[in-house]
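Below is one structure, written out as structure tokens, with a few remarks after it.
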Amino acid sequence: MRPQGCALKNNGGMTLVEVLVSLAIVFIVFLGLNSAGLVVLDQNIKNSQRDEGVNVAEMEMRAVRNIPFTSLPVTDNTITYSVPPRTIRSLNVPYTVTRTIRYLDAQNREVTILVSWNRLENRQTRTYTHQETTVVRQP
């Protein structure tokens, strides 16, 4: 028997206010995780574009190395051209290549490949570059 005038305590469930507070906390945590996920995705795309820029530079450097030494210019020479856009996560990224061949002496040429691409960050276009340099010698 219970004593008269004592209220029963029901500890079996949660009140509506407790549920709403916990949902608000979960929502705030989710918003923070969502923002962090967007930052991670943006950095991943940025790294993929950089990796592709490095690949373009290596491909162009291999192409220059395959040119016979006698076909290389004997004066300083710079040309700029675009390569077909690369698709990175459904984005078509155009890369521009600047190839500079510098005459060092009769047996040596310095070849510099500069690859550049643009990226939209914070509503501003920013240009990124990657450069590779080598010396080609007459065999």
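The values are calculated or read from the model by the stated rules, or taken from the named source; none is laboratory data. Every value quoted in this text rests on a predicted model; they were computed, and no experiment measured them. Don't worry about glycine lacking a Cβ; one is built from the backbone with ideal geometry, like all the others, and counts go over all protein chains shown.
Quick check: is even one residue across segment 88-101 more than 20 Å from Arg50 (Cα to Cα) and either surrounded by fewer than 16 Cβ atoms within 10 Å (Cβ to Cβ) or modelled with pLDDT of 90 or more (or both)? Taking every residue of segment 88-101 in turn, at least one turns out to be more than 20 Å from Arg50 (Cα to Cα) and either surrounded by fewer than 16 Cβ atoms within 10 Å (Cβ to Cβ) or modelled with pLDDT of 90 or more (or both). Scan segment 19-42 and tell me whether some residue there is closer than 23 Å to Ser116 by Cβ, surrounded by 10 or more Cβ atoms within 10 Å (Cβ to Cβ), modelled with pLDDT of 85 or more and not hydrophobic (A, V, I, L, M, F, W, C). Yes, segment 19-42 contains a residue that is closer than 23 Å to Ser116 by Cβ, surrounded by 10 or more Cβ atoms within 10 Å (Cβ to Cβ), modelled with pLDDT of 85 or more and not hydrophobic (A, V, I, L, M, F, W, C).
Looking at segment 111-124, which of its residues are at pLDDT 95 or above and more than 13 Å from Gln49 (Cβ to Cβ)? Correct list: Val111, Thr112, Ile113, Leu114. When residues in segment 122-132 are screened for being of a type outside the set (Val, Ile, Thr), surrounded by 10 or more Cβ atoms within 10 Å (Cβ to Cβ) and more than 11 Å from the chain's Cα centre (by Cα), 4 of them pass. Within segment 102-111, the set of residues being buried (at least 16 other Cβ atoms within 10 Å of the Cβ) and either in contact with a Leu (Cβ under 6 Å, 6 or more places away or on another chain) or over 11 Å from Val136 (Cβ atoms) (or both) comprises just one member, Arg109. Selection of first residues in segment 96-124 that are more than 23 Å from Pro84 (Cα to Cα) and of second residues that are crowded, with 16+ Cβ neighbours inside 10 Å, restricted to Cβ pairs under 6 Å at least 6 apart or on distinct chains, gives the following pairs, ordered by first then second residue: Arg109/Ile101; Arg109/Val136; Glu110/Arg102.
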